[in-house]
Amino acid sequence: MDIEKKKKFTNALLVPVLAIVSGLIVAALLVLTTGKSPLDAYKVLFNSGFNCESLQRCTFVTTLERSTPLILTGLSALVAFRTGVFSLGQEGQMMLGAVTAAWLGHALDLPYVIHPIVIILAAVVIGGLYGYIPGVLKVKLGVNELISTIMLNEVAILFLEWVVNFPLRADAGSAAHSFIIKETAWLPSFLPSSRWGVGFVIAIIMAAVIYFLLWRTSTGYEQRMSGNAPRFAKYGGIKNEKAALRGMIISGALAGLAGAIEVMGVNHRIMTGYSTGLGFDGVSVAILGQTHPIGVVIVAILFAGVRLGAQLGLQIQLKVPRELGGVIIAFIILFVASDNFFLGGINWVRNKVAKFKERKAIKEGGE
């Protein structure tokens, strides 16, 4: 590995670490206002989110389960960003994937294995098509993708609420929810008392696929060049519009897959208020993960663990509002966005170390 690659690797590793530490320090001030010790709060937070004394008392398993949709929506945002499209449509695409899974999971009579595969393929296609719409609007009509994806999110959420309240409504209870999908459509879990299962494996496989696609194929090179240097890409014969459309389709397909897995592996139905902001969280995960698949996987697990720890540890054990977990994540993202500040500090330390080594070498040479 040459010096420049070492620098880039070190920077990519240190910036998120320093951002996380900075976020924890600032959030500690908020903990102090509640009258609790920040050290005790963080100890409880991380024990509740990442502890695993035994398989029966392993909160980390729940963290892995909750990280699954974040990995997929994070990958979805990553693909769009790398292509130069700032898409915020993961929420809506995920909703349509969930609706597709809830409908086909209830309506189709198919054997085990075949049923989940059919649903996943359908959700991927629906999600991809829903991602294609803002792509076309941007490429053909110049519509800002921020506006179009946000509006399409609203359409998808309202569509889901209509589906839950009317065509797929299971009963006349106060809280509308759809029929439970057939067991042939369920994704198996690894532990009897957990919902962590095949969905997580699919998410990890998709992270590997996206890495291979973007960094090991000519198509991925076109995607990244269209995002990083569109004029240079155009000069090199790459069709930026085609790359943008392809990126939006892949992005939508990944988000649709996330929605299907949530239905088949976790909830087994959709309900009123199904949207919990997982699509928007995927954008944060992609940014915090430095828009790299490995970073997305690590950050998604961290994200899920902090939220779980805030819910189980801070709120239940310490009586500290669980929203503090969201505040910690928000501060971390804020500091990651200030990467130039950290890069300046890292370069300052690097120069000091280089000068020290240089003076030491001169001194030893003189002796």
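The values are calculated or read from the model by the stated rules, or taken from the named source; none is laboratory data. Since the structure is predicted, the reported quantities are computational estimates derived from the model, not experimental observations. So basically every Cβ, Gly included, is an ideal-geometry build from the backbone, and we count neighbours across all protein chains shown. Surface areas here come from the heavy atoms of the whole protein model, side chains and all, with no ligands, DNA or RNA. Shrake-Rupley method; radii C 1.70, N 1.55, O 1.52, S 1.80 Å.
Descriptive notes on the structure:
- Index of the failed condition, Phe280 passing every other in (1) of a type outside the set (Val, Ile, Thr); (2) modelled with pLDDT of 80 or more; (3) over 29 Å from Val163 (Cα atoms): (3)
- The range 22-40 residues that are aliphatic (A, V, I, L, M), paired with ones that are open to solvent by less than 60 Å² (accessible area, probe 1.4 Å) and assigned to a helix (DSSP H, G or I) (beta carbon under 6 Å, 6 or more apart): Val26/Phe331; Ala27/Val327; Ala27/Ile328; Ala27/Phe331; Ala28/Pro38; Val31/Pro38; Val31/Ala41
- Subset of the range 278-299 [in a helix (DSSP H, G or I), open to solvent by 40 Å² or more (accessible area, probe 1.4 Å) and out of contact with any Leu (no Cβ under 8 Å at 6 or more places or on another chain)]: Ile287, Ile294, Ile298
- Index of the failed condition, Leu129 passing every other in (1) touching a Leu at 6+ places or on another chain (Cβ under 7 Å); (2) at pLDDT 95 or above: (1)
- Residues considered: Leu318, Leu302, Leu334. Of these, the only one that is within 30 Å of Ile157 (Cβ to Cβ) and surrounded by 17 or more Cβ atoms within 10 Å (Cβ to Cβ) is Leu302.
- Scanning the range 193-222 for residues that are under 22 Å from Gln90 (Cβ atoms) and modelled with pLDDT under 90 returns a single hit, Arg195.
- Single residue of Phe341, Phe331 found to be in contact (Cβ under 8 Å) with a residue 12 or more places away in the chain and among the aromatic types (Phe, Trp, Tyr): Phe331
- Here Leu45 passes the criteria (1) aliphatic (A, V, I, L, M); (2) at pLDDT 95 or above; (3) more than 27 Å from Phe212 (Cα to Cα); (4) under 24 Å from the mean Cα position of the chain (by Cα) except the one numbered (2).
- Among residues of the range 1-59 being acidic (Asp, Glu) and under 30 Å from Pro293 (Cβ atoms), the one that is surrounded by the fewest Cβ atoms within 10 Å (Cβ to Cβ) is Asp2.
- Here is the figure for the range 231-275: residues that are closer than 17 Å to Lys140 by Cα, in contact (Cβ under 8 Å) with a residue 24 or more places away in the chain and not acidic (Asp, Glu) total 8.
- Lone qualifier among Gly128, Gly105 - being surrounded by 16 or more Cβ atoms within 10 Å (Cβ to Cβ), out of contact with any strand residue (DSSP E or B) (no Cβ under 6 Å at 6 or more places or on another chain) and over 18 Å from Ile180 (Cβ atoms): Gly128
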